[in-house]
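Before any comments, here is the structure.
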Amino acid sequence: MKAIRVSEYGGPSVLKLEEVSTPVVGPNRVLVRNHAAGVNPVDTYLRSNTDNRGPKLPYTPGSDAAGMVEAVGPGVTTVKAGDRVYIGGTSTGAYAELCVCEPTDVHPLPANVSFAQGAAVNAPYATAYHALFHRAHGEAGETVLVHGASGGVGIGTIQLARTRGLTVIGTAGTDRGRRIVLEQGAHHVLDHTAPGYLEELPRLTGGRGPDIILEMLANVNLQKDLGVIALRGRIVVIGNRGNTEINARLAMNKNAAILGMALFHATPVQLAGIHGALVEGLRNGTLRPVIGHELPLAQAARAHEVVMEAGHTGKVVLIP
């Protein structure tokens, strides 16, 4: 089968399309034929060995995909060959025609959702859910500011927040991005490239500031977030690309919390609840993944470049 392989850490050029052996499905494992694979920022960090967390070389990148169950091993009862599924984890890598998964990482893909959309579900929507409801404990009637709302996690946050009755303020850096943010259900949108854009928040929140801020670029925005967050507000750091300096007194004065999050720290019980909610949202149409770019598997290097470009919108997926 064809798969992307990484034999050395580095830039996008280390992603190579190769012929590899078809994986064998063993006991309590599921073999999935991928129709689309999702590209996530974490894939780029692992490829470049950021923080020395790169996988053992060589490896096939990717954890998210969608397709059809090809075969199941002995002991698997939750899915069967021919089922439409999206996946949120694989031991053999998602940038490939086939991959092997544990049954708990395989989830039903409703018929009204395309495979490309299915590949955009796991990391973006599960991250948004975990950040908004498990870490920030968002509730109906509160206001959430999504800093960088036109990407996959931001769009997922908008849709999930609307299902729970939160008011959503999103930011984006391009006209197209701001249009998408509004189309996906945000009540208000701000241009985060405009000087003084956060000065609009008192008017939009009745002078309180947002109760929750989901932050995709903390090294740029965290100090500003502390200045605008509401009393007893919560800032959840989802993305960061460097060091930052903050005045901690702002957190003291607001009795505010700065919360880190990483999806891989979610408990099995939390993950089961997340995916149950996501499948239901996909089925009833309240969750609608937006695809920004579809590229052939051979263009994985370009896909990684797009993911790291400022202002990219929607989800990037590879088509095997």
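The values are calculated or read from the model by the stated rules, or taken from the named source; none is laboratory data. Just so you know, these numbers come straight off a predicted model, no measurement behind them. Cβ: placed from backbone, ideal geometry, glycine included. Neighbour counts: every protein chain shown. Just so you know, the surface numbers come from the protein's heavy atoms only, side chains and all, with ligands and any DNA or RNA stripped out. Shrake-Rupley method; radii C 1.70, N 1.55, O 1.52, S 1.80 Å.
Selection of the stretch 234-247 for residues being farther than 13 Å from HIS134 by Cβ and surrounded by 11 or more Cβ atoms within 10 Å (Cβ to Cβ) yields ILE235, VAL237, GLY239, ASN240, ARG241, THR244, ILE246, ASN247. Determine whether LEU231 is part of a helix (DSSP H, G or I), among the hydrophobic types (A, V, I, L, M, F, W, C) and touching a residue at least 24 places away in the same chain (Cβ under 8 Å). Judged against the criteria, LEU231 is not a match. The residues of the stretch 165-188 that are β-branched (Val, Ile, Thr) and open to solvent by 40 Å² or more (accessible area, probe 1.4 Å), listed by number, are THR167, THR174.
Matching residues to (1) part of a strand (DSSP E or B); (2) surrounded by 13 or more Cβ atoms within 10 Å (Cβ to Cβ); (3) charged (D, E, K, R):
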residue: TYR9; (1), (2), (3): no, yes, no
residue: SER13; (1), (2), (3): no, no, no
residue: VAL24; (1), (2), (3): no, no, no
residue: ASN34; (1), (2), (3): yes, yes, no
residue: GLY54; (1), (2), (3): no, yes, no
residue: ALA66; (1), (2), (3): yes, yes, no
residue: VAL85; (1), (2), (3): yes, yes, no
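Comparison of LEU318, LEU282 shows that the only residue that is closer than 25 Å to THR171 by Cα and either not in a loop (DSSP other than H, G, I, E, B) or not hydrophobic (A, V, I, L, M, F, W, C) (or both) is LEU282.
Under 19 Å from HIS134 (Cβ atoms), touching a helix residue (DSSP H, G or I) at 6+ places or on another chain (Cβ under 8 Å), buried (at least 17 other Cβ atoms within 10 Å of the Cβ) and of a type in the set (A, V, I, L, M): does that describe VAL317? No, not satisfied.
Here is the figure for the stretch 285-303: residues that are among the small types (Gly, Ala, Ser), part of a strand (DSSP E or B) and out of contact with any Gly (no Cβ under 8 Å at 6 or more places or on another chain) total 0.
For first residues located in the stretch 18-46 and under 13 Å from GLY88 (Cα atoms), partners that are of a type in the set (Ser, Thr, Tyr) and lie 6+ apart or on another chain with Cβ distances below 7 Å form the pairs ALA37/TYR95. Restricting attention to the stretch 110-135, the residues being touching a Pro at 6+ places or on another chain (Cβ under 9 Å) and in a loop (DSSP other than H, G, I, E, B) number 5. So which of VAL72, VAL42 is open to solvent by 40 Å² or more (accessible area, probe 1.4 Å) and closer than 22 Å to LEU263 by Cα? Just one listed residue meets the conditions, VAL42. Look at THR50 and say whether it is surrounded by fewer than 16 Cβ atoms within 10 Å (Cβ to Cβ), without any contact (Cβ under 8 Å) to a residue 24 or more places away in the chain and within 19 Å of the chain's Cα centre (by Cα). Here the answer is yes, as THR50 does meet what is asked. Between LEU231, LEU259, LEU263, which is open to solvent by 20 Å² or more (accessible area, probe 1.4 Å), within 20 Å of the chain's Cα centre (by Cα) and at pLDDT 95 or above? Residue meeting the stated conditions: LEU259.
Checking the structure you have, find out if any residue of the stretch 93-109 is closer than 21 Å to LEU46 by Cβ, touching a Pro at 6+ places or on another chain (Cβ under 7 Å), of a type in the set (Ser, Thr, Tyr) and touching a residue at least 60 places away in the same chain (Cβ under 8 Å). Scanning the stretch 93-109 turns up at least one residue that is closer than 21 Å to LEU46 by Cβ, touching a Pro at 6+ places or on another chain (Cβ under 7 Å), of a type in the set (Ser, Thr, Tyr) and touching a residue at least 60 places away in the same chain (Cβ under 8 Å).
Each residue in the stretch 176-228 was checked for being part of a helix (DSSP H, G or I), over 19 Å from GLY152 (Cβ atoms), among the charged types (D, E, K, R) and free of Cβ contacts under 8 Å to residues at least 60 places away in the same chain, and 4 of them qualify.
Pairs linking a residue in the stretch 248-259 that is within 17 Å of LEU132 (Cβ to Cβ) to a residue that is in a helix (DSSP H, G or I) and open to solvent by less than 40 Å² (accessible area, probe 1.4 Å), with Cβ atoms under 8 Å and 6 or more positions apart or on different chains, are ALA256/LEU226; ALA257/ALA251; ILE258/LEU222; ILE258/LEU226; ILE258/ALA251.
For the stretch 146-164, the set of residues classified as surrounded by 24 or more Cβ atoms within 10 Å (Cβ to Cβ) and more than 17 Å from GLY38 (Cβ to Cβ) consists of VAL146, HIS147, GLY148, ALA149, ILE158, LEU160, ALA161, listed by residue number. Of the set (1) open to solvent by 50 Å² or more (accessible area, probe 1.4 Å); (2) modelled with pLDDT under 95; (3) assigned to a helix (DSSP H, G or I), all apply to VAL306 but (1).
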